[in-house]
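Accompanying notes for the structure given below.
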Amino acid sequence: MPMTVDILKARILIVDDQPANVQLLEQLLADAGYTQVTSTMKPEEVCALHRQNAFDVILLDLQMPVMDGFQVMEGLKTSLTDDYLPVIVLTAQPGHKLRALQAGAKDFISKPFDLVEVKTRIHNMLEVRLLYRKLADYNRLLEATVAERTAELRESEARYRSLTELASDWYWEQDENGQFSKVSGPVLEMLGIQVETLNGDKKSMLVSGWNEAERNKLRATIAERQPFLDFVFHRVNADGSQQTFQVSGEPMFNSNSRFVGYRGIGVELTARS
């Protein structure tokens with residue numbers, strides 16, 4: 001099975017100051033089919049070795065000269081790039097088991113070794129470790145996919161708005177309270193809206209000449225949150241010339257079906273005389 005193959009390729013470090021224990025564990029792991037086994041009898045080398053090799057599991061003796069296993073685990077905690085401490089402690093002291101687990105070890109193996117227990121505990125931990133890494137890889141892939149899709153949507157929206165503005169004389173967006181969040185062209189004048197200038201003063205956009213019946217009809221449509229397509233406006237200028245405008249708009253709703261505003265486009269059908 002693929003999972004078994006991956007487990008047998010796991011990187012394993014044996015840390016014990018007794019050559020006989022190291023040889024026994026090396027032989028046991030080799031017989032079980034593990035292909036990447038490293039060992040050291042110098043606990044002070046463990047942190048550097050782990051930084052270089054990123055071991056999937058560390059079999060760590062607790063009672064060693066120079067540094068005991070508890071000191072090694074403390075060193076590993078400060079040098080790990082993640083918060084997972086891949087340690088199985090080796091101990092002949094029953095009282096050390098709970099302390100080791102509290103220090104961050106994931107499991108323990110009792111001395112003298114029961115060979116079946118050793119193989120089983122190592123296999124079980126590697127299986128969990130492999131699943132943990134696969135989950136982390138999947139989460140990274142998912143985050144990258146979401147980021148990529150979000151960027152694509154933003155780019156698509158930007159293209160759509162660019163094309164919309166090219167295809168029309170103006171574009172407008174309005175929030176749920178009727179305030180314009182984006183406008184270009186004379187749409188504010190057509191609706192008779194007051195807006196704030198850059199210095200915060202209110203600027204009246206009321207301009208004479210618009211057909212009030214048409215404008216009131218559009219206001220009523222917006223108040224009812226209805227879409228409108230190719231709504232025609234007329235305006236008579238002071239010199240007697242007439243302009244004709246066409247506007248389309250639609251209400252916007254969020255994913256919870258809550259009204260959040262309007263957006264629309266417009267074009268001038270006849271130029272000034």
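The values are calculated or read from the model by the stated rules, or taken from the named source; none is laboratory data. Worth saying up front: this structure is predicted, and the values here are computed from it rather than measured. Neighbour counts are summed over all protein chains in view; Cβ atoms, including those assigned to glycine, are modelled from backbone coordinates with ideal geometry.
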Any chance residue 22 is closer than 23 Å to residue 132 by Cα and in the same structural domain as residue 7 (by TED's automatic domain parsing): no
Within the range 226-249, residues being surrounded by fewer than 15 Cβ atoms within 10 Å (Cβ to Cβ) and either of a type in the set (A, V, I, L, M) or at negative phi (or both) number 11
Restricting attention to the range 165-181, does a residue exist that is over 31 Å from the mean Cα position of the chain (by Cα), at pLDDT below 85, assigned to a strand (DSSP E or B) and of a type in the set (S, T, N, Q)? no
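Taking the criterion of being surrounded by 14 or more Cβ atoms within 10 Å (Cβ to Cβ), at pLDDT below 85, aliphatic (A, V, I, L, M) and on the phi < 0 side of the Ramachandran plot, would at least one residue in the range 193-205 satisfy it?
Within the range 193-205, the first condition is being surrounded by 14 or more Cβ atoms within 10 Å (Cβ to Cβ), and the residues that meet it are 193, 205.
Still in the running and at pLDDT below 85: 193, 205.
Retained after the next criterion (residues that are aliphatic (A, V, I, L, M)): 193, 205.
Imposing the further condition that a residue be on the phi < 0 side of the Ramachandran plot reduces the set to 193, 205.
The answer is yes; a qualifying residue exists.
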Looking only at residues that are without any contact (Cβ under 8 Å) to a residue 60 or more places away in the chain and under 13 Å from residue 15 (Cβ atoms) in the range 84-99, which one is farthest from the chain's Cα centre (by Cα)? 91
